[in-house]
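One structure below.
The values are calculated or read from the model by the stated rules, or taken from the named source; none is laboratory data. Small disclaimer: the values here were computed from a predicted structure and weren't measured. We place every Cβ from the backbone using ideal geometry, glycine too, and count neighbours over all the protein chains shown. Just the protein is used for accessible areas: all its heavy atoms, side chains included, with ligands, DNA and RNA removed. Shrake-Rupley method; radii C 1.70, N 1.55, O 1.52, S 1.80 Å.
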Amino acid sequence: MLGNHPPRQCGIATFTSHLSDAIAAEFSNVNCFVLAMNDAGKHHAYPDRVRFEIAENDVAAYRRAADFLNVNMVDVVSVQHEYGIFGGRAGSHVLALLRELRMPIVTTLHTILSEPDSLQRAVMDELTQISERIVVMSAHGATLLHDVHGVPDRKIDLIPHGIPSVPFASRSKDRIGVEGKSVILTFGLLSPDKGIEYVIDALPAVLARFPDTVYVVLGATHPHVRERHHETYRHMLETRAQRLGVDSNMIFHNRFVSQEELTEFLAAADIYVTPYLNAEQITSGTLAYAVGSGKAVISTPYSYARELLADGRGVLVPWRDGAAIARAVVDLLGDDGKREAMRERAAAHGRDMLWPAVAQSYAQTFVRAREEHADCLRTRLVAKTLAKRRAELPEVNLEHLQLMTDQTGMLQHAFFSVPRYDDGYCVDDNARALLLMTLIEDAGEGDTRVVRALGSRYLAFVSHAFNKNRGRFRNFMSYSRHWLEDCGSEDANGRTLWALGTVVGRSVDPGRQSLAGNLFHAALPAVLEFTSPRAWAYTLLGIDEYLRAFHGDTSVQSVGRTVAGKLLDVLQRTRSSDWPWFEDRLTYSNARLPQALIVSGARMQQEAMTAAGLQSLEWLVRIQTSDDGYFAPVGTDGFFLRGQQKKAAFDQQPVEACATISACQEAHFATGDIRWAERARRAFTWFFGQNQLQVALYDPSTGGCRDGLHADRANENQGAESTLSFLLGLVEMRLADRVGVARSGSLGDSRLRIETREPASLAQRELIS
């Protein structure tokens, strides 16, 4: 079983514990154990039944759990699903575990939304497809599952929420200190959506008729609510009771009670009330316990209550209506016969909800899942799996990018998330931003008007940076709009050519495409005089993008062959068996060098060039993987020199993760080897805390990315390069599945099939040339 487990305090934990207890009690030949979810940063003293723990935000732990289950040849995995207990957007991390399992999956849904957002829908759709059987606890849940997510009825099993046996205890009121009182009970973890304040509002009218009535609120505040808001809700309830003068008729038991204590309180209750405020709630363990225990129940009309309390098994009252609750309580306390008849109907219905009966039903579902799994093993294509993993990716958030952009262009640096004017602008970052906007446009992400407007602004900056007399781009500009040099570095020029080539190859705007083409041709000849391997690499990436649209341009092809030959020659002259690299040290944007050879070798059908790029990238990935399996790029505080025993561990830079994502994706497209896609994903999760410090670099509250990872902390400044590196990596992950199909053809085919577009029109060719 996969879910929460006591001593963690929540309804899912209680359910998992009781269901596993019931199965173990009913089937002595079944070895039933639990994989427990731990909420962020917490550990619990679990019983022996819990054999594996998963930190909710540690994606690697989910995959280790899958290995654990596969190695132990588990027959069936029973998932207790609730969006909030699994990490990732909409709980998407659990899919990383379930995708890898080789045994049937039975998923119990504790929440089904009638109007899920796009991410919740994507996660639920894949979850229901992966699972052999889906268990719901109400007919309404089955209807929602069919209507909203298209799950066929034949795949859904309706099994009620289990309940314990609550024997009649004549002295229960004595033992809990309410002898001679009429007892109204609400139990469960407290949170603001419970609506308990409306029962308190009802008490003055109830006490006017039945002054010996006491209202017991049993249960601790939900741990997550307490972490965020402390005891604000409980204190509000207490203050409300004092203001209404009913505090002496209320008992708050602020603790998570044992099963034995709960049984005692249920036995003592005359009326059970669930005044919940969530209309979509499709299950409630507390309501199930109350009905199964033969209690007279009053409830608001959430979906599970409407179903469970039908046929006279309870009373429904309107939402947020203390007067209606008061009338229902007074009616039941004043009519012993009516209350007793309701109790009998509820108790009769509850017999099929006892845990032994529920365990038998689950056993039948498990057997059916195994039979169906044997008939049709899950054979999902790798490409489809990768595409579905898009559900785990955050949405593209340009908020911080827009903040870092003014009427001139992209500013370089920031104090925390505030733009820093002192350092002005550079063509490096504006070229990166231009590249990003073009890829976002190609991917169909974001607000089209915003993306196009930003893309035009960055292209305008790049155009202004071009020094026609030198045939090169300037790089640094002060905030007062004065260029600080006549000619930028070779790397800055190569990076700008890369962005311009991408605009030519991917933009759908003829104006931007034409301007970018003019600048690309004007600046390309200078590359033949460059000596920087990275400048060559950036240029080759730009040439590859340019040739997507104009693959017949022989002049650009000629420059590409020359520059690719230089880069390959540098590698062949420098590399050795223990140092298969282009230079005598690893510095920054390292993965761009092998990426350029992989891309160029594929474009020119030079298998030896592609193979050399793959070999050097394989070595780099190994160097940049920590002992515990995290992406760990070469640090800028010393880099990594040939002959050294160890690389600099810090400061790690976002630009390295971005480069590694791109290079590994290209290697995946070139080879069809899924391991490259997994390496790209490992580098991407570095931004989310899957690193040696377990510190997130991406800041979802701003849309920015922190500038690096020091030995003891993250650099809290959110500059242009780091934010652009994260966003480029994110968009590349989103594009990967679509580009992969186009470029690599069938999986496992190591021959690249070059993606081309329709030949450009004559007018476009004339404009660009």
Next on the checklist: At R0 = 30 Å, how high is the FRET efficiency between ASP147 and GLU371 if r is their beta carbon distance? Nearest 0.05 is fine.
Outcome noted: 0.65
Next on the checklist: Run the numbers for ARG561 and ASN29: contour at 0.36 nm per residue of separation, minus the present Cα-Cα distance, in nm.
Outcome noted: 184.7 nm
Item to check | Per residue, in Å², the accessible surface of the stretch 622-709 once ligands and nucleic acids are set aside, probe 1.4 Å | outcome: 36
Checklist entry - Semi-axes of the equivalent ellipsoid of the stretch 263-334: what are they in whole Å, largest first, if each equals the square root of 5 times a C-alpha gyration tensor eigenvalue? => result 17, 16, 10
Item to check | Within the accessible area of the stretch 540-689 (1.4 Å probe), percent carbon and sulfur | outcome: 46
Checklist outcome for this item: By accessible area (1.4 Å), largest first, PHE415, PHE252, PHE476 order as PHE415, PHE476, PHE252
Item to check | Cut-off 14 Å between beta-carbons: net charge of the residues surrounding SER480, Lys and Arg +1, Asp and Glu -1 | outcome: -2
Item to check | Theoretical ellipticity at 222 nm over the chain - DSSP helices of four or more residues, -39500 (n - 2.57) apiece, nearest 500 | outcome: -15500 deg cm²/dmol
Checklist entry - What is the calculated FRET efficiency for HIS253 to HIS230, with r their C-beta to C-beta distance and R₀ = 25 Å, to the nearest 0.05? => result 0.85
Item to check | Solvent-accessible area per residue, Å², over the stretch 193-251 with all protein chains present [probe radius 1.4 Å] | outcome: 47
Next on the checklist: Using alpha carbons only, how many angstrom separate the centre of the stretch 270-323 from the centre of the stretch 3-60?
Outcome noted: 28
Item to check | Gained length - ARG209 relative to LEU484, 0.36 nm times residue gap less alpha-carbon distance | outcome: 90.4 nm
Next on the checklist: Can you compute the modelled spin-label distance between SER532 and LYS42, with each label point 7 Å from Cα toward Cβ, in nm?
Outcome noted: 5.0
Checklist entry - Which percent of the accessible area of the stretch 420-503 is formed by carbon and sulfur heavy atoms (probe 1.4 angstrom)? => result 43
Item to check | Lysine pairs meeting the criterion (Cα under 21 Å, 8 or more apart or interchain), as found in the chain | outcome: 6
Checklist entry - Quick one, which of [x] 105, 59, 55; [y] 99, 59, 54; [z] 75, 74, 54 is the actual Cα extents along the principal axes in Å calculated for this model? => result [y]
Next on the checklist: Suppose accessible area is computed on protein heavy atoms with a 1.4 Å probe; arrange ARG154, ARG339 from highest to lowest.
Outcome noted: ARG154, ARG339
Checklist outcome for this item: Pseudo-spin-label distance ARG306 to GLU607, built 7 Å along Cα→Cβ, given in nm, is 6.5
Item to check | Between the stretch 701-740 and the stretch 409-454, the Cα center-to-center distance that results, in Å | outcome: 13
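If the only charges are +1 at each Lys and Arg Cβ and -1 at each Asp and Glu Cβ, what is the size of the charge dipole of the stretch 253-327 around the Cα centre, to the nearest 20 debye?
220
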Next on the checklist: I'd like the distance separating the alpha-carbon centroids of the stretch 634-677 and the stretch 499-570, in whole Å.
Outcome noted: 24
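Sort LYS295, LYS42 from largest to smallest accessible area, using a 1.4 Å probe on the heavy atoms of the protein chains. Mind dumping the intermediate values first?
Numbers: LYS295 10, LYS42 70 Å².
Largest to smallest exposure gives the sequence LYS42, LYS295.
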Next on the checklist: Within the stretch 610-649, name every residue whose backbone N is under 12 Å away from a label modeled 7 Å from Cα of ASP67 along the Cβ vector.
Outcome noted: 628-630
Next on the checklist: Let me check I've understood the local charge: for HIS413, count other residues with C-beta under 11 angstrom from its C-beta, Lys and Arg +1, Asp and Glu -1. What total comes out?
Outcome noted: -4
Checklist entry - Among bridges DSSP assigns within the chain, what percent are antiparallel (round to 5)? => result 35
Next on the checklist: Amide H of VAL50 versus every other amide H placed in the peptide plane: which residues, excluding those fewer than 5 positions away on the same chain, fall under 5 Å?
Outcome noted: VAL34
Next on the checklist: Can you give the local net charge around TYR630? Use residues other than it whose beta-carbon is closer than 11 angstrom to its beta-carbon, Lys and Arg +1, Asp and Glu -1.
Outcome noted: -2
Checklist entry - Which percent of the accessible heavy-atom area of the stretch 1-96 goes to carbon and sulfur, probe 1.4 angstrom? => result 51
Checklist entry - What angle, in degrees between 0 and 90 and rounded to the nearest 10, separates the Cα long axis of helix 355-375 from the longest principal axis of the Cα atoms of the chain? => result 30
Next on the checklist: How large is the translational diffusion coefficient of the stretch 201-298 in µm² per second when you combine the Kirkwood radius over alpha carbon pairs with Stokes-Einstein at 10 °C and 1.306 mPa s?
Outcome noted: 106
Next on the checklist: Just to verify a number: what accessible area does HIS482 come out at with the full protein assembly present, 1.4 Å probe, Å² rounded to tens?
Outcome noted: 110
Checklist entry - With r defined as the distance between the Cβ atoms of ASP627 and ARG351 and R0 fixed at 60 Å, what FRET efficiency is calculated, to the nearest 0.05? => result 0.60
Checklist entry - Given the protein chains as shown and a 1.4 Å probe, how many square angstrom of LEU144 are accessible, to the nearest 10? => result 20
Next on the checklist: List the trypsin sites (Lys or Arg not before Pro) within the stretch 623-708 that DSSP assigns to loop and that have no more than 12 neighbouring Cβ atoms inside 10 Å.
Outcome noted: LYS646
